1. Helix 57-67: angle to the longest alpha-carbon principal axis of the chain, degrees 0 to 90, nearest 10?
2. Which value in Å does the Kirkwood hydrodynamic radius of the stretch 33-148 take, with 1/r averaged over all unlike C-alpha pairs and then inverted?
3. Order 330, 37, most accessible first, counting only protein heavy atoms with a 1.4 angstrom probe.
4. Shape verdict for the stretch 97-177, please, from the Cα gyration tensor: rounded (a/c under 1.5), prolate (a/b greater than b/c) or oblate.
5. Quick one: accessible surface of residue 32, probe radius 1.4 Å, all protein chains present, in square angstrom to the nearest 10.
6. Hey, what angle do you get for helix 303-314 against the long axis of the chain, alpha-carbon based, 0 to 90 degrees rounded to 10?
7. Heavy-atom accessible area per residue, the chain, 1.4 Å probe: how many Å²?
8. Would you kindly derive the ³J(HN,Hα) couplings of the stretch 154-167 from the backbone phi angles with the Karplus curve 6.51 cos²θ - 1.76 cosθ + 1.60 (θ = phi - 60°), listing them in order in whole Hz, with x for Gly and Pro?
Amino acid sequence: MSIQMTHRAGSESDSAGPSAAFPEVTEPVLRRVQDTVIAWFEEAARDLPWRAPNTSAWAILVSEIMSQQTPVARVEPRWRAWMQMWPTPADLAAAPTSEVLHAWDRLGYPRRALRLQEAAGVIAANLDNRVPETTEELERLPGIGSYTAAAVSSFAFGRKTTVLDTNVRRVLIRLFAGRERPTSSPSRKETAWAAGLVPEDEHVEWNAGVMEFGALVCTARNPDCPACPLQDICTWNRLGRPASATKPKTQKWAGTDRQLRGAIMDVLKAAHAAEDDRHGVSLDVFTTAMTDFDPALLDSLAESTAAAVARVRELSADRDRISRLISDLVTDGLAQQIDGRLALPNR
Ligand code: SF4
C-alpha cells in the first residue's frame, strides 16, 4: 500500500524544509488509517471521566480548557473537584473569582480560569445556561479558540468538525507527509488538508482517536513505531524517521517569569485557603531586600502562606522584577492590590 506523495509547491514551510506541502492521500490508504485508528481507540483509549456517556457539554468544555498545556493526570482531580463545585455555567459564573483561581490550583496558565469564568457568564446570561453547539457560536465565547470549539462541537454534540491539536497534527504530518513534526501553528492550508482526512461516519471517533494516538503512541519524543499498527504505511517511518533540521522550542521553567509568577500566585492561593487574605498579604514580604528582611513579617501569616513566601524569596528575584510581575498579575486580573497588600481578586 503506498501513499501518493503529490507534493504541491507552496509557501507552507516547517523546520524540515522550505516547501513542505500537504500530500494528497489515496482513498485506500486513508480508509486503512481511519479504520486502524478508530479500532485502536476502541481498545486502548484511556478511561477519562469526561468521556463517560451523558457527560454534559459544559463538563466537556471545562475538560478541554483544563487540558490545554496541562497533562491529563493533573487535570483529572481538578476537573472532578470543579464539576462538583460548579456543575453548570451559572454556578461558575456566580462563584467568587478568588475561589475560582484557588480551585484552579496548579494547572498553570491561570488566565484560562478567568476566561472560563467569563465564558460561563456569557453562557449563563445570554444562552440560557446552555453550551452552544456550533464552532462558530463556541468561538464567540471568551477564551475559546478554534481547537476548543471544534473539540466541544465534536465530543459534546457529535457534529462533524476538524479537531486539530498538536497531537493530531503530529500524527498526520508523520503518517502522510513524512516529517517529524508540524509547524508551530496550523495554516489554513493544513487545516483544509486535515479536514479532508476526517471520515463522514465515525468522525467523532476519528477526532478522539487520532488525538489519543498522538498522546499515547505517536508521541513527540518517543514514538512507539515498533508497536505501531501503522508502521508499514507511515511515511516518516519508511523514510527512516529523519529528524527535523531544527529542534523544537523547549519551554524552560526554572528562572523564568512564569515560575516567579506561579510562586507569587501560590502565596495568594495559600493565603486565600488559610483566610489570610481578608486584607491581603503585605507587599513587603515580596519586595523587601534579603538584607533588610525581618522574619517577623511572616509571623502574622499562616504556616502554609509563610512557606509559599519562602519559596518566592528562594528564587532571589530583585525588587524591580517582582514589582513588575505583581503589576502584571494585577493587570491580568489575577490579583488585586489595595493599600500595600496583595490578594486574589475579590470579585
Ligand atoms: S510508525 Fe511511528 S511515527 Fe509513524 S504513525 Fe506510527 S508511531 Fe507515529
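The values are calculated or read from the model by the stated rules, or taken from the named source; none is laboratory data. Fair warning: this is a prediction, and the values are worked out from it, not measured in the lab. A quick note on method: Cβ atoms are made from the backbone with ideal geometry, for glycine too, and the neighbour counts reach across all protein chains shown. Note: areas computed on protein heavy atoms with side chains; ligands, DNA, RNA excluded. Shrake-Rupley method; radii C 1.70, N 1.55, O 1.52, S 1.80 Å.
1. Compared with the principal axis, the helix lies near 80 degrees.
2. On the way: mean 1/r = 0.0669 Å⁻¹.
For the stretch 33-148, the Kirkwood estimate is 15.0 Å.
3. Working: 330 55, 37 5 Å².
If we order 330, 37 from most to least accessible, we get 330, 37.
4. On the way: a/c = 3.12, a/b = 1.41, b/c = 2.21.
Oblate, since a/c reaches 1.5 and b/c is not below a/b.
5. Only protein atoms counted, so the area is about 60 Å².
6. For helix 303-314, the angle is close to 70 degrees.
7. Numbers: 17170 Å² over 347 residues.
I get 49 Å² per residue for this part.
8. These are the phi-based 3J(HN,Hα) values: 6, 6, 8, 10, x, 7, 7, 9, 10, 8, 10, 9, 5, 5 Hz.
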